[in-house]
Protein chains: 2
Amino acid sequence: MSRLLIAGHGSVGKAFHELLLSDATQLKSLLGEAPRIVAVVRRSGAWLDEAGVGPGATLLAKRQSLSVVEALDKVRPDVFIELTPSNLQTGEPGRTHIRAALERGIPVITANKGPLLRHYDELTTLAREKGVAFRYEGTVAGSIPTLNLHEYCLPGNPVTRIDGILNGTCNYILTRMAEEALGFDEALAEAQELGYAEADPSADVDGHDAAAKLAILAKHVLGLPISFEDVRREGIRAISASAISLARKEGYSIRLVASVDAANKNASVAPRLVPRGSSLDVGGSLNVVRLTTKHAGAFTISGKGAGGKETATAVLSDLIHVLRDAGRAR
Amino acid sequence: MSRLLIAGHGSVGKAFHELLLSDATQLKSLLGEAPRIVAVVRRSGAWLDEAGVGPGATLLAKRQSLSVVEALDKVRPDVFIELTPSNLQTGEPGRTHIRAALERGIPVITANKGPLLRHYDELTTLAREKGVAFRYEGTVAGSIPTLNLHEYCLPGNPVTRIDGILNGTCNYILTRMAEEALGFDEALAEAQELGYAEADPSADVDGHDAAAKLAILAKHVLGLPISFEDVRREGIRAISASAISLARKEGYSIRLVASVDAANKNASVAPRLVPRGSSLDVGGSLNVVRLTTKHAGAFTISGKGAGGKETATAVLSDLIHVLRDAGRAR
């Protein structure tokens, strides 16, 4: 039986926790045994239970004061799931947690962009040196299986360029501006009311989130040494209702498009005119990724980009890969 | 070094052969050693060469009169690649070839729909009993990695419904009818001139090809016991230019949509109204597959559905999986 330690219990952590419990039967049939969450560590404390931590993680009696690293040593889980909030500046505390697990030979799965964005080479090198699995499908484009699509579905067909809409909040705002002729501020306020945008929306609307995902994709899929700062970045604050309406009349939508090309190594996130109805013109809070390949043209995949449950499915698919590979190696 | 035997050397076989030769360096870096085609069997004869058969397979001096089964016994390849023409009625001769290889413990990869459509249970059961790999990504939706997407990217997130445009010829005809206000016969003639449609177009325009792919997807992805005959099928011959123009005015495209639902087990291929610009509304000869999942909504993936080179990339990705799995098992 695989014993998991989760760090972070926000929307993704909770959704992942519930998914493991609700789908235990199916996971048992897939893996032989359903994995069990034996520890949850969050800001308010640590819950350890070899019989399985309840989804609320609120059994106060059992709360312990343990840091993630202390819990890793105490629990020695089979897999560590890092889901603490992303810090795009420092990558902490995710980086410290991931390093600690890898150094102890514990496989790591994360949906936390920060550590990958800031410490990609350090962490992937450490994982390789230790011969330990390290997967992070949930860091890019939410539920869309971009990294696994590249790894498992396109071997032998190199990707030469990536274009995509990687931030659902911006896409929602731009869609609503077009549909209802709203100004940016009105559409943003609506997105905030609905919980699609944060009180401080700058990570989304200034393109930081999309640029972070693009930098991770550029490294992982194209092998390019592109940092966050290398991504030319322009947000959507300056887009006016009249610009959108003008574009619409000419048959275009305005979308915040992230692009990186293996040949010229240019990476950018910027508002672009996209032909209406073309594959990149997805509406609402959807995400889309277009992978241009050497041998078979472009593949375009769209799906829900954000959401706790959607990202939790990406974490779960990584977990299944880790456990299957470990089973094969035994 | 992995030794391959290819049966069939039409557009997919030739493209696969050329791909292996042109990408030998890359395959070597992926797999440790580039696989080598040591035998090609086609209607006009067999070419065997342990040093590697040339891409033309036209070295008359070396031609031998061997059937595929005889060649399998003589060559004993590490992997057998079945690319003979599809017969949707009988599945032969592909079925006989695949059976012969599996019975000899030789892994099989095919892009030939017929054997899967007519003998799915027999062949997959035989492969399982023998513990031999049997992969067929190239049988559905050309280059789009539908089966591998399901297997490797969505584990733990069951697919509940599949919708798609699985026949590029019909989509090309419908697109041209809409763009140029052509009648069906004119658009078909154009597609035939360009090589998108066969002289006898019925497999495409009457929906047989799409229904065959849908039946394979229903079995493989949804586990439904749906045969070709269970698919309610209607082609596009009766679609008029005026129907398309009327639909267009109301904001719709007419597309030949294949759908199967796990809950009600209904499978159909029929012309449908699709909102213009929606994810299923792809143009030209593209294919698209939408997988609706239990936990993360729908994923839609589009790409080139047909073409020798595109389908060859699907065969190559299957080959890489077979060789990697074999390498891990050693």
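Determine whether A:T90 is away from every other protein chain (no Cβ under 14 Å), crowded, with 21+ Cβ neighbours inside 10 Å and assigned to a loop (DSSP other than H, G, I, E, B). When the stated conditions are applied, A:T90 does not pass them. Residues being over 22 Å from B:L316 (Cβ atoms) and within 24 Å of the chain's Cα centre (by Cα) are entirely absent from region B:48-63. Checking each residue in region A:285-309 for being in contact with a Gly (Cβ under 7 Å, 6 or more places away or on another chain), at the interface with chain B (Cβ under 9 Å from one of its Cβ atoms) and more than 28 Å from A:T160 (Cβ to Cβ) picks out only A:G307.
Where in region B:2-79 are there strands (runs of 3 or more DSSP E), lying fully within it, with 3 or more residues that are β-branched (V, I, T)? Walk me through it before giving the result.
Numbers: elements: B:3-7, B:36-42, B:45-48.
Fully inside region B:2-79 and qualifying: B:36-42.
Which one is nearest to the other protein chains (Cβ to nearest Cβ) among residues in region B:132-154 that are free of Cβ contacts under 8 Å to residues at least 24 places away in the same chain and open to solvent by 10 Å² or more (accessible area, probe 1.4 Å)? The residue in question is B:Y152.
Between B:R272, B:R290, which is closer than 21 Å to A:C153 by Cα, at pLDDT 95 or above, buried (at least 17 other Cβ atoms within 10 Å of the Cβ) and of a type in the set (D, E, K, R)? Break it down stepwise before answering.
Details: B:R272 fails: closer than 21 Å to A:C153 by Cα.
Checking each option against the conditions leaves just B:R290.
Among the residues examined, A:L126 does not qualify as open to solvent by less than 10 Å² (accessible area, probe 1.4 Å) and either over 21 Å from A:S11 (Cα atoms) or more than 14 Å from chain B (Cβ to nearest Cβ) (or both).
When we screen B:V260, B:V315, B:V282 for residues that are modelled with pLDDT of 95 or more and either within 26 Å of B:E234 (Cα to Cα) or more than 10 Å from every other protein chain (Cβ to nearest Cβ) (or both), the only hit is B:V260. Candidates B:A187, B:A210, B:A197: the one that is under 14 Å from the mean Cα position of the chain (by Cα), within 16 Å of B:L174 (Cα to Cα) and not hydroxyl-bearing (S, T, Y) is B:A210.
Just so you know, in region A:61-87 the residues that are of a type in the set (S, T, N, Q) and open to solvent by 30 Å² or more (accessible area, probe 1.4 Å) include one that is nearest to A:Y136 (Cα to Cα), and it is A:S86.
Matching residues to (1) within 21 Å of A:I98 (Cβ to Cβ); (2) modelled with pLDDT of 90 or more; (3) out of contact with any strand residue (DSSP E or B) (no Cβ under 9 Å at 6 or more places or on another chain):
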position	(1), (2), (3)
A:L5	yes, yes, no
A:H9	yes, yes, no
A:F16	yes, yes, no
A:S22	no, yes, yes
A:T25	no, yes, yes
A:P35	yes, yes, no
A:V40	yes, yes, no
A:G52	no, yes, no
A:G56	no, no, yes
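A count restricted to region B:218-266 and to residues that are polar (S, T, N, Q) and touching an Asp or Glu at 6+ places or on another chain (Cβ under 8 Å) stands at 2.
Taken over region B:242-261, the criterion of being among the hydrophobic types (A, V, I, L, M, F, W, C) and open to solvent by 30 Å² or more (accessible area, probe 1.4 Å) is satisfied by B:A243, B:L246.
Give the residue that is farthest from the chain's Cα centre (by Cα), with candidates limited to residues of region A:81-111 that are at pLDDT 95 or above and of a type in the set (G, A, S). The extreme case among them is A:G105. Scanning region A:123-146 turns up no residue that is part of a strand (DSSP E or B), at pLDDT 95 or above and of a type in the set (S, T, N, Q). For region B:318-330, a residue qualifies if it is in contact with a strand residue (DSSP E or B) (Cβ under 8 Å, 6 or more places away or on another chain) and at the interface with chain A (Cβ under 9 Å from one of its Cβ atoms), and the qualifying residues are B:L319, B:H321.
For region B:111-123, which positions are touching a Leu at 6+ places or on another chain (Cβ under 8 Å) and open to solvent by less than 40 Å² (accessible area, probe 1.4 Å)? Step through it out loud before you land on a result.
First, pick out the residues of region B:111-123 that are touching a Leu at 6+ places or on another chain (Cβ under 8 Å): B:111-118, B:123.
Scanning region B:111-123 gives B:A111, B:N112, B:K113, B:G114, B:P115, B:L116, B:L117, B:L123.
The values are calculated or read from the model by the stated rules, or taken from the named source; none is laboratory data. Predicted model only: the values in this text are computed from it and were never measured. Cβ sites come from the backbone with ideal geometry, for glycine too, and all protein chains shown count toward neighbours. When the accessible area is computed, the model is the full protein with side chains, heavy atoms only, and any ligands, DNA or RNA have been set aside. Shrake-Rupley method; radii C 1.70, N 1.55, O 1.52, S 1.80 Å.
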